[in-house]
Amino acid sequence: MKDNCCCNTRTKDRSPEEYKDLINRLSRIEGQIRGLKRMVEEGAYCPDILNQSAAASAALSSFNRVLMSNHIKSCVIDDVRAGNDETVDELLGVLQKLMK
């Protein structure tokens, strides 16, 4: 199954493998965030909470890298080949936000 990006409708058809990977990553991050909340509620030691927070932040960064890679390999390449250079400007804007 080839990935498709429809910039007009702002949707993307993902392969079952890509979908499953992204959802699994988000589920793990969601669990980490719930764990952080529980640690605060239970009065855990600050450095322990900060260590878990750093792990959740790293997991979210990893999710962003995977999603960005998939986007570049499909939507961006396809759009540039089709002459839609606006996709590059959009990509640059997203990269600027991620690098703040």
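Here, each number is a calculation from the coordinates, and none is a lab measurement. The structure displayed is predicted, hence computed values, not measured ones. Here Cβ is always computed from backbone atoms with ideal geometry, including for glycine, and neighbour counts include all displayed protein chains.
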Using a Förster distance of 22 Å, how high is the FRET efficiency between Arg38 and Asn64, based on the Cβ-Cβ distance and rounded to 0.05? 0.35
Scan segment 1-92 for GluC sites (Glu not before Pro) in coil per DSSP, keeping those whose Cβ has at most 13 other Cβ atoms within 10 Å, and list them by number. Glu42
Each residue of segment 73-80 in turn: what ³J(HN,Hα) in whole Hz from Karplus with 6.51, -1.76, 1.60 and θ = phi - 60°, glycine and Pro shown as x? 5, 10, 4, 5, 4, 4, 5, 5
What distance in nm lies between label points placed 7 Å from Cα along the C-beta direction at Gln96 and Glu17? 3.5
